[in-house]
Amino acid sequence: MEPLDIAIPVASAFAVAAVATPFVGRFALAIGAVDRPNDRGVNQRPNMPLCGGLAVAAGFAVSLVAAMMLTDEGPDPVRLRGLLLGGLVVLMTGVCDDRFGLNAWQKLIGQLLAAGIAIAHGFQFPYFTNPFTQGLVDLPESVTWAITVLWIVGITNALNLLDGLDGLAAGVGAIIAATLAAVSFQSDQPFVVLAGVALAAALLGFLPHNFAPARIFLGDTGALFVGFTLSVLALACYRRVSMITMIVPMLALAVPILDTVMSILRRIVQHKPIFTADRQHMHHRLLASEGSPRAAVIQFYMLTAAFCMIAVSFTRLQGITAWVFLVTVLGLTVRLLWNLGVIGRVDEAAPSRGAEKGAS
């Protein structure tokens, strides 16, 4: 790919998102899509506008369309259509939630529809590699659909759960998107490269308005859109060469995946519904230990970046070395979770300093 092929989506996504964000904020206030503080949430500032994801989605879509029209290696039209149509479904689901407040099952319907659109446009796990024989294992279509839907819906909700501090989900999403683009550049997948840098640039254009103290929130509009887009790009990034290559996108998304899995397990152990909100997420733990939202968010950025660098390094590892490296990473991850208090004794209390919307 030529530098111009990447520069166009980056510049257009950043500019459109940055310019559109104040207008989106006014629109959110006009329709009443504002955050309503509660005792479960971290944010205690009334009438903060939501729907910031509309600005991110606008920058993302404009940049990809511009790349398709102006560069020699534009995104694949079929996959681009699937990505944008599925993204539109979760975007509208998020807008309805930010304005009217949908329950978890109503939001799940939109996510399932978006996942179906993505699968119909070629985003799926069609087969895996046997780690012992290295032979390809074809999967029945029903199994392929089930695994892919679980992946898309799971990652979509994982990003939504992270949207709890000013700038957290936007910054983490930008880091992961850039990582998926870097991995795809190494494996010559121009579609994911263009889409990854476009999403990262759009989020960076939005971030100055969203970093503490935020003037606008992503809302479910943005969190669901970013999560969906990352899940689909990870599917496109997945190279069906060996079992270990499936780990690469999972490592890039390790932080939101870990937070989601631990939240589900915690609620099961406590005999609570899995959709019950609490103040025990990883960002709440970091906020309690760091004492300020900005410090907690920066620590979370660094944690995400560390996992993403590990993901990039995995693209160069083969055989037993890769598996030894993976086991080491898993061991260090368990130790990290223990240090954060995610594994072990659970305390309900967490500080309530001003930050983004409450835990999902």
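Annotation note: of Ala214, Ala223, the sole residue that is modelled with pLDDT under 90, buried (at least 24 other Cβ atoms within 10 Å of the Cβ) and within 23 Å of Ile31 (Cα to Cα) is Ala214.
From the residues in segment 226-248 that are closer than 17 Å to Ile119 by Cα and not in a helix (DSSP H, G or I), which one is modelled with the lowest pLDDT? Can you show your working first?
So the first thing to find is which residues in segment 226-248 are closer than 17 Å to Ile119 by Cα, and the list is 227-240.
If we keep only those that are not in a helix (DSSP H, G or I) as well, we get 238-240.
On the way: Tyr238: 65, Arg239: 55, Arg240: 47.
Step by step, filter segment 226-248, then rank; the result is Arg240.
Kindly check whether there is at least one residue in segment 274-283 that is modelled with pLDDT of 70 or more, more than 17 Å from the chain's Cα centre (by Cα) and over 22 Å from Gly196 (Cβ atoms). Scanning segment 274-283, I find no residue that is modelled with pLDDT of 70 or more, more than 17 Å from the chain's Cα centre (by Cα) and over 22 Å from Gly196 (Cβ atoms), so the answer is no. Remark: Phe206 falls outside the filter, which requires a residue to be surrounded by 21 or more Cβ atoms within 10 Å (Cβ to Cβ), at pLDDT 85 or above and in a loop (DSSP other than H, G, I, E, B).
The condition of being aromatic (Phe, Trp, Tyr), in contact (Cβ under 8 Å) with a residue 40 or more places away in the chain and in contact with an Asp or Glu (Cβ under 6 Å, 6 or more places away or on another chain) holds for Phe217. Checking Leu88 against (1) modelled with pLDDT under 95; (2) out of contact with any strand residue (DSSP E or B) (no Cβ under 9 Å at 6 or more places or on another chain); (3) assigned to a helix (DSSP H, G or I), which single condition isn't satisfied? The number of the failed condition is (1). Of all residues assigned to segment 36-53, at least one qualifies as being among the small types (Gly, Ala, Ser), at pLDDT 85 or above and surrounded by 16 or more Cβ atoms within 10 Å (Cβ to Cβ). Within segment 178-189, if we keep just the residues that are in a helix (DSSP H, G or I) and out of contact with any Ser or Thr (no Cβ under 8 Å at 6 or more places or on another chain), the residue that is surrounded by the fewest Cβ atoms within 10 Å (Cβ to Cβ) turns out to be Phe185. Looking only at residues of segment 54-92 that are touching a Leu at 6+ places or on another chain (Cβ under 6 Å) and over 19 Å from Val10 (Cα atoms), we find that the one that is surrounded by the most Cβ atoms within 10 Å (Cβ to Cβ) is Val90.
Considering Ala67, Ala7, Ala11, Ala18, which residue is at pLDDT 95 or above and within 19 Å of Leu199 (Cβ to Cβ)?
Ala18
The values are calculated or read from the model by the stated rules, or taken from the named source; none is laboratory data. None of the values given here were measured: they were computed from a predicted structure. Neighbour counts run over all protein chains shown; Cβ positions are idealised from the backbone, glycine included.
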